[in-house]
Each structure stands twice: as C-alpha cells, then as structure tokens.
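Let me begin by presenting the structure, written as structure tokens, before commenting on it.
No lab work stands behind these numbers, since they all come straight from the coordinates. In this text, all values refer to a predicted model and were calculated from it rather than measured experimentally. Positions of Cβ are generated from backbone atoms using ideal geometry, with glycine treated the same way; all protein chains shown enter the neighbour counts.
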Amino acid sequence: MRRRSSSTTCSSARAPSRPSSTSAAPGSRCASSCCTSTSTRRRRPPPASSTTATPSRRGGGRSAVSRSTSPAPPTCCPPSVGRAFTESSGSGLLADPGAAEAAVRTRISCVPPTPSPPGAGMRTSLSAVAILALIAGGVTASTTSASEPSPPRPRATVTLAAAGDICGSACNQTDDVVTAIAPDAVITAGDNAYESGTIEEYKAKYEPTWGKFNDIVHPTPGNHEYGDDANGYFEYFGSKAGEPGKGYYSFDLGDWHLVALNSNVAAGAGSAQEQWLRSDLAASTKPCTLAYWHHARFSSGDHGDDGDLTALYKALTDHKADIAVTGHDHSYERFAPALADGTKSADGVRQFVIGTGGRSLYSDRNDSAGPSEVFNNNTFGVGQFELTATGYSFTFKPVAGRTFTDSVSGDCHAKS
C-alpha cells in the first residue's frame with residue numbers, strides 16, 4: 001500500500017522554388033518535342049489537321065485547356081513553365097508577375113535547338129514580350145491581388161518509448177527493447193528502481209540498464225520512490241524530474257504536448273497540481289496532448305481503479321487531451337477513449353497501463369469501470385508511440401522470446 005502526501009509546495013507542401021535555367025540533355029524528350037508556350041493573344045485559326053483544344057491537367061490538379069496548336073510542355077521541362085503559361089492562356093493575365101518572369105526565363109532556356117514550325121519562333125517571342133510587358137506595367141489578374149500563401153510544412157513523426165515498474169528483475173531485457181525502438185524520447189511511469197528508489201538502488205539497478213537513455217528520458221515517480229521520500233529520485237534525475245516537492249512538469253515533443261504528473265502528491269479538484277495542470281493545458285499551442293503518471297485511473301490488474309486521479313483525468317478530457325500512460329499494476333492494458341467516470345466516449349482520453357518495464361508481473365485480474373479492450377499480464381515489454389501532427393500509432397513491443405503484442409492508432413481531438 002502507498003500513502004499519498006496530503007499537501008504540496010507547489011511549464012505541405014512548400015511552394016516550388018524558382019527553377020534554374022537548364023537546357024535539355026541530348027536524347028531527352030525535349031530533343032524531339034519542343035517546350036512551346038501558350039500565347040495569350042488572338043491567333044490565326046489552326047490548320048485543319050491541328051487540334052484546337054486539348055484537355056490537360058496542370059499545376060496541382062487544376063483543369064486547363066490548351067489553346068495552342070503546339071503540344072503541351074513535355075515532362076522534361078520545369079513544371080512551373082507549363083503551370084505559368086496555362087494560367088496565362090486561361091485568363092489572359094498572370095496572377096503572379098514574379099512567377100511569370102521566372103516562367104518566361106525558364107521557357108527560353110528550355111527550348112531545344114531543333115527546327116520549329118513556320119511562325120512558331122515569332123509566336124513564342126511575342127508571348128514572352130507580352131508577358132514581360134505585363135510585368136513591367138505591374139498588371140495582375142483581376143480575380144486575385146497576390147499569390148496564395150503556401151501551407152505550413154508538417155513536422156516529422158517522432159518516436160516515443162514508454163514503460164513503468166522497471167528495475168526489477170527484467171529491466172536488463174526491456175532496455176534492449178528500448179534500444180531497438182531507437183526513440184526520440186523515453187518516458188517512465190514510475191517505480192523506476194526497487195525497492196525504495198534510493199540513490200544507491202538507482203545507481204546499482206537503473207543506471208546499468210535504463211540509465212543509457214538518460215539524455216532523452218522524462219521520468220515520473222511511483223509509490224516506491226516515496227519509500228525514500230523521493231530523495232533518491234530527485235537526486236538521480238536532477239532537473240529532469242521537475243521541481244522537488246512537486247515532480248510535475250510539461251514539455252513539447254514534435255507536434256505533441258507531454259505532461260508528466262505526480263500521482264503521489266495531492267491531485268484532487270482544487271489542488272495545486274490540478275490547478276497547474278489546467279493552466280498548463282490551456283496555454284499549450286500543440287494540436288495533440290499526452291499525459292503520464294504512475295497510479296492508473298482505470299485498471300483491471302491487482303490494484304484496480306484509482307478514484308483519486310479522477311480530477312486530473314477530468315482536466316485532461318476538458319482540454320481535449322488524447323493519451324494517458326500509467327503503470328502501478330504490473331501488467332499491460334489498453335482502454336478505449338473514456339471520460340473521467342469511465343464512460344466510453346470519442347471525446348475521452350485513451351489510457352494505457354504499461355507496468356511491464358521489468359518488475360515481476362502480477363497474476364490477478366479485477367473488474368474496472370473503464371472500457372478495457374486488451375489485457376495481458378504475462379509479458380514484459382515497452383510501448384512504442386509514433387506521434388504525428390494529427391494522430392498516433394501505438395505498438396506494444398515484447399521482450400525477446402515473447403510473442404504477445406498489441407497495436408492501435410487514433411486521431412488527435414480537435415482543440416477549440
């Protein structure tokens with residue numbers, strides 16, 4: 001059994017760059033098919049054998065019709081050439097003079113030294129002159145006054161490894177799983193060094209195994225750390241553990257906001273930790289949120305549900321958080337997204353119990369008010385999260401020689 005302290009003293013696509021002027025290589029498609037522009041001025045009717053209108057797809061899927069008897073720009077030409085001239089043929093004016101100028105210059109360098117049909121050189125020259133004249137006069141299309149801004153570039157996927165209840169007899173196996181995952185960050189869900197989390201136990205048990213991830217670890221304490229009043233925990237992890245006496249903090253990882261909570265200190269409604277959590281979540285600008293701590297709000301393992309975490313869980317659901325990672329029960333369990341009272345809801349938080357970091361596993365199973373989906377209590381392992389700007393994918397990675405695994409994915413809640 002644990003005792004919780006009653007008080008606390010308590011942070012796309014990018015627009016294509018201007019192409020360089022590069023002549024077509026001999027033998028390329030440009031050697032036999034000329035990159036002819038589309039003129040915006042009125043032309044003489046084409047010969048009877050020519051096609052006067054050819055459907056085409058240009059520039060990001062926009063539909064266009066070529067009004068020239070010349071073929072569409074071949075694939076060897078820079079895409080911006082076909083895109084710029086298609087716009088000019090459709091409206092008679094270019095929306096972006098800078099793009100037009102770049103297109104004309106690129107167009108001139110793209111034309112291969114092959115014979116042209118009679119009059120083609122004159123048409124090309126006149127088209128270029130007409131467009132450059134528009135640029136000089138500062139004329140733009142009447143439908144838009146500026147080019148549309150490019151959408152922001154999405155961040156890369158980040159990888160997170162997670163487990164609690166670690167050292168333990170099998171942390172020299174689960175550390176190999178973390179190494180294989182090669183994460184960008186590691187989070188621990190408490191009870192990192194048994195029995196009492198003293199500095200000696202951290203140095204003797206945790207340091208040789210999971211200590212290799214100290215440069216990327218973001219820990220939380222469990223009840224066993226408080227066998228030493230968490231002195232060893234705060235000494236070992238230093239500033240990474242948050243402010244001594246509190247032990248809760250937050251940080252950003254890619255497009256995710258991560259919140260480390262301390263379930264061993266006061267966590268009820270109105271407590272310093274609960275008020276801090278609400279303020280922290282309100283200030284976050286990230287589209288997705290993951291929180292983690294030791295005692296599980298919902299669990300089908302030996303310890304069962306912990307109602308003392310209801311207020312923190314409600315703060316998370318109120319602010320559209322997405323994932324919660326816990327430990328305490330030495331088993332693995334995945335829940336469906338749920339509200340703080342256990343009601344299954346798409347607006348709720350999906351909780352994982354990953355108490356499989358290396359301490360001996362529990363054998364009992366109890367009922368839970370939460371919507372349990374998967375439960376296993378005979379496999380050590382680590383949770384692997386792949387986190388993107390819009391969602392996540394999760395896989396339970398077992399230690400060598402074990403076959404149980406689990407996976408799930410989900411989208412982040414829309415933040416209001």
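Using the per-residue mean of other Cβ atoms lying within 10 Å as a proxy for protection, in what order, highest first, do the peptides 397-403, 342-348, 171-177 fall? All intermediate terms of the calculation are to be shown ahead of the outcome.
Working: 397-403: 13.7, 342-348: 15.3, 171-177: 20.7.
Result, highest mean first: 171-177, 342-348, 397-403.
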Region 292-416: spread of alpha-carbon positions along the three principal axes, whole Å, largest first, is 45, 31, 20
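Count charges around residue 186 for me, please; just the other residues with Cβ under 14 Å from its Cβ, Lys/Arg as +1, Asp/Glu as -1.
Working: positive: 212, 240, 397; negative: 175, 176, 184, 215.
Net of charged neighbours comes to -1.
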For 303-314, 275-286, 253-264, ranked highest to lowest by mean beta-carbon neighbours within 10 Å, the order is 253-264, 303-314, 275-286
Over 28 Å (Cα to Cα) among 212/246; 203/397; 205/320 -> 205/320
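If you take the beta carbon distance between residue 176 and residue 407 as r and set R0 to 25 Å, what does 1/(1 + (r/R0)^6) give as a FRET efficiency, to the nearest 0.05?
Working: r = 20 Å, r/R0 = 0.80.
Efficiency computed from Cβ-Cβ geometry: 0.80.
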When 186, 353 are ranked with the fewest other C-beta atoms within 10 Å first, the list becomes 186, 353
